[in-house]
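**Student:** Got a structure here, written out as structure tokens. Questions coming.
The values are calculated or read from the model by the stated rules, or taken from the named source; none is laboratory data. In this text, all values refer to a predicted model and were calculated from it rather than measured experimentally. Positions of Cβ are backbone-derived with ideal geometry, glycine not excepted, and every protein chain shown enters the neighbour counts.
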Amino acid sequence: MQVIHDIEITTTSVLLDGKTIAVEQTGDKLLVELYRRYVGDYPKFFKMDTLSRLGFIAAELLLKSQEPMANSQQPTVDAVILANRSASIKNDTDYLATITEGNYYPSPALFVYTLPNIVTGEIAIWHHIQGETSFYILNSPEELKPIVASTLTAKHSTALVGWCECSKQDNFYAKMQLIWRN
């Protein structure tokens, strides 16, 4: 497997292929800053929860950093495989807070994001990825390696793979790679 590009996003910094991307904001505002600077044309972004925003921005920066390969055989992404330890706990907590005594109609807008795999769906929809999209709940990023190895086959040879963790709106971490099984 060959790593084509990698990105690491924390609440205060962004590293793309080992180079710092200058940012002025922190936390969720950092994700909005990156969206406005590098995407700007996906209005659904502002409806997303923080986990989905994080994964969406990481994927977007990875895919926009691609340059045509020398042999002009640009790989097409055909799988999105992400994982974390806390599932969608931040949004689960927010959703639970909308359920109060006498309120039998909690927020449907928040309910959608109580599934961590929504982030893989958002990425696939935006980039027209029709292959596998999976989100795993694991103890560590190391546990993702055998899953990726068994997924990348002749059918799925290029993937966005990574760890995308968000426990609070301003407490998140993503490490994602664009990898190619040549």
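**Student:** Does TYR136 meet the test of being more than 20 Å from ILE57 (Cβ to Cβ), in contact (Cβ under 8 Å) with a residue 40 or more places away in the chain and part of a strand (DSSP E or B)?
**Tutor:** Numbers: more than 20 Å from ILE57 (Cβ to Cβ): yes; in contact (Cβ under 8 Å) with a residue 40 or more places away in the chain: yes; part of a strand (DSSP E or B): yes.
Considered against the rule, which asks whether it is more than 20 Å from ILE57 (Cβ to Cβ), in contact (Cβ under 8 Å) with a residue 40 or more places away in the chain and part of a strand (DSSP E or B), TYR136 comes out as yes.
**Student:** Then there's this: Residues that are among the charged types (D, E, K, R), in a helix (DSSP H, G or I) and either out of contact with any Phe, Trp or Tyr (no Cβ under 8 Å at 6 or more places or on another chain) or surrounded by 13 or more Cβ atoms within 10 Å (Cβ to Cβ) (or both): does segment 100-118 have at least one?
**Tutor:** No, that holds for no residue.
**Student:** In segment 53-84, what count of residues is obtained for those that are touching a strand residue (DSSP E or B) at 6+ places or on another chain (Cβ under 9 Å), among the small types (Gly, Ala, Ser) and either at pLDDT 95 or above or at positive phi (or both)?
**Tutor:** 4
**Student:** Residue by residue through segment 150-182, note down the ones that are aliphatic (A, V, I, L, M) and either modelled with pLDDT under 90 or touching a Phe, Trp or Tyr at 6+ places or on another chain (Cβ under 6 Å) (or both).
**Tutor:** Step one: filter segment 150-182 for residues aliphatic (A, V, I, L, M), giving 152, 154, 159-161, 174, 176, 178-179.
Of everything in segment 150-182, those that are aliphatic (A, V, I, L, M) and either modelled with pLDDT under 90 or touching a Phe, Trp or Tyr at 6+ places or on another chain (Cβ under 6 Å) (or both) turn out to be LEU152, ALA154.
**Student:** Being at pLDDT 90 or above, touching a Leu at 6+ places or on another chain (Cβ under 7 Å), closer than 21 Å to LYS145 by Cα and among the charged types (D, E, K, R), is that true of even one residue in segment 85-94?
**Tutor:** yes
**Student:** Hey, can you tell me all the residues within segment 1-41 that are touching a residue at least 40 places away in the same chain (Cβ under 8 Å), in a loop (DSSP other than H, G, I, E, B) and of a type outside the set (A, V, I, L, M)?
**Tutor:** Matches in segment 1-41: THR11, ASP17, THR26, GLY27.
**Student:** What residue, among those in segment 1-44 that are under 12 Å from the mean Cα position of the chain (by Cα) and closer than 18 Å to VAL80 by Cα, is surrounded by the fewest Cβ atoms within 10 Å (Cβ to Cβ)?
**Tutor:** If we take residues in segment 1-44 being under 12 Å from the mean Cα position of the chain (by Cα) and closer than 18 Å to VAL80 by Cα, then GLU8 is surrounded by the fewest Cβ atoms within 10 Å (Cβ to Cβ).
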